[in-house]
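What follows is calculated from the coordinates using simple rules that are stated; it is not laboratory data. Since the structure is predicted, the reported quantities are computational estimates derived from the model, not experimental observations. Counting neighbours? That spans all protein chains shown, and the Cβs are built from the backbone with ideal geometry, glycine included.
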């Protein structure tokens, strides 16, 4: 009788050969999927070993072969479905921090799934298999895998994962904007998410009990302030910073302010990542204090900001507008732009642009037309934020070749020469903007502030890098000319006050400088930025009095002006 019961119990278990066969088939399918959808070969190898490590760890814990793999595969399917849906809605794949950011915002998350039945079905099936399927297999599989075997295998896989992670290198800064890397992006995001948790939030700040919160006060200018035009000069930096470049000296006028001087600005990115500079200018913060989350500042702060440059201007009676060269949803930033105090966003579609790559004059003329409509209908001062694109990559083709302007002197590398051509066109178009403002609006005052967001990739040649080198593999010291661009201030029918007498100003202070140049009553938080600029000698992230900067961040958080998470 006992033998019969024993035989019956054994029959409940899946045979070992069946379990091994199922493991091989499922693993082969995962490897095939990863090769199809997880990017470069180096990333494919890395994610295979990382997934293998997770599986091996589960085997160590459960002493089973098949059940852990069934559960892990079902979980991967759910992640793929959720990441796909999020990408379709936001142009960002799934990030571990989403579980923090969207906690309580279930309505928004639920809306993503509407109209995507296949992804919804995949998620439902995956969840069913994850729980019910894994439980059924668990019941049919004995715990027979010895830890004396599984632990060494797990250790070897951990070593292989670490090695392939180093061989893979730093992740691309636009990784989470890639439409296929769903699983690897999600796994990699845990590192920077845990980093944020360790430092206590998205931005590094002083501990609790920092100085009192910032008081809110009305902004009532004594007289009508000037209209303000802020120009984000894509990939533009002064060639005078590099003595080895020979160029037409007429270019230097583009980088000089009303006082005849060039004012240098330290940025925090090279060759790309314009949104880092953009965020620093609009928020008055250093992106470096966000650590590994810096590339997601706009995404994970959207809807939770009250201390932005556009909000400060709106409080002073400004109508705020933006002329954006791409579609406003680029890099998932639509919600950011719409919630930081910008009244209207004229993106590529609204401006009637055929491409993302138009001349500076194209964007300037669109802004001039809107300024004309505004002053004809309103007495309010106007803030216009313009982003240009003429100096943007690629540089191995001529931009508007029919325009004859000087490039580099003979012997200049071809891509640097093409870049210099574009700076020459940018100078001509900027002069056109100032001339048109003076002629069309003789009774209006204008403050113009322009800045270079980062240097163009060809500059890397001056540091020994090759054209085929990836920007993520390039390193420059913070004080390197490669990390220094400029900011310029001009007035049309308006005389700006003197500019700060600081050799190099960090980008996070530019918004405060703009408010002061417009002679506006500064909110307490922006006055504090100017104080820090002077206390820190123009530095932000590496301010010698770092504790004061961290206390400032804490005050912003405690004042409800900046989200902690």
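Things to note:
- DSSP beta bridge pairing in the chain, given as percent antiparallel to the nearest 5: 35 percent
- Gyration tensor verdict on the range 403-547 (Cα atoms; rounded if a/c is under 1.5, prolate if a/b is larger than b/c, oblate otherwise): oblate
- Exposure proxy order (Cβ contacts within 10 Å, fewest to most) of 307, 360, 259: 259, 307, 360
- Cα-based shape type of the range 282-389, given that a ≥ b ≥ c are square roots of the gyration tensor eigenvalues and the cut on a/c is 1.5: oblate
- Between helix 117-128 and the chain there is an angle of about 40 degrees, using the helix long axis and the longest principal axis of the Cα atoms.
- Ellipticity at 222 nm from helices only: DSSP H runs of n ≥ 4 in the chain, each -39500 (n - 2.57), divided by the residue count, give -14500 deg cm²/dmol.
- Nearest 10 degrees, 0 to 90: helix 414-440 Cα axis against the chain principal axis: 50 degrees
- Normalised by the number of residues in the range 2-199, the average gap of Cα pairs under 8 Å and 6 or more apart makes the relative contact order 36 percent.
- Relative contact order, whole percent, for the range 479-565 stands at 22, derived from Cα pairs under 8 Å and 6 or more residues apart.
- Here the gap between residue 155 and residue 546, fully extended at 0.36 nm per residue and compared with their Cα-Cα distance, gives a gain of 136.7 nm.
- Linear extension gain, residue 216 paired with residue 519, 0.36 nm per residue minus alpha-carbon span: 107.2 nm
- Cα centroid separation - the range 465-502 against the range 287-303, whole Å: 21 Å
- By the beta-carbon count within 10 Å of each Cβ, the least crowded to most crowded order of 380, 264, fewest first, is 380, 264.
- For the range 227-558, a/c is less than 1.5, where a ≥ b ≥ c are the root eigenvalues of the C-alpha gyration tensor. That puts it in the rounded class.
- In degrees, nearest ten, helix 2-11 long axis to first principal axis of the chain (Cα): 30 degrees
- Residue 12-residue 191 pseudo-label distance in nm [points 7 Å out on the Cα-to-Cβ vector]: 4.4 nm
- Sorted by Cβ density within 10 Å, fewest first, the residues 294, 349: 349, 294
- Between the alpha-carbon centres of the range 375-450 and the range 508-565 there is a gap of 30 Å.
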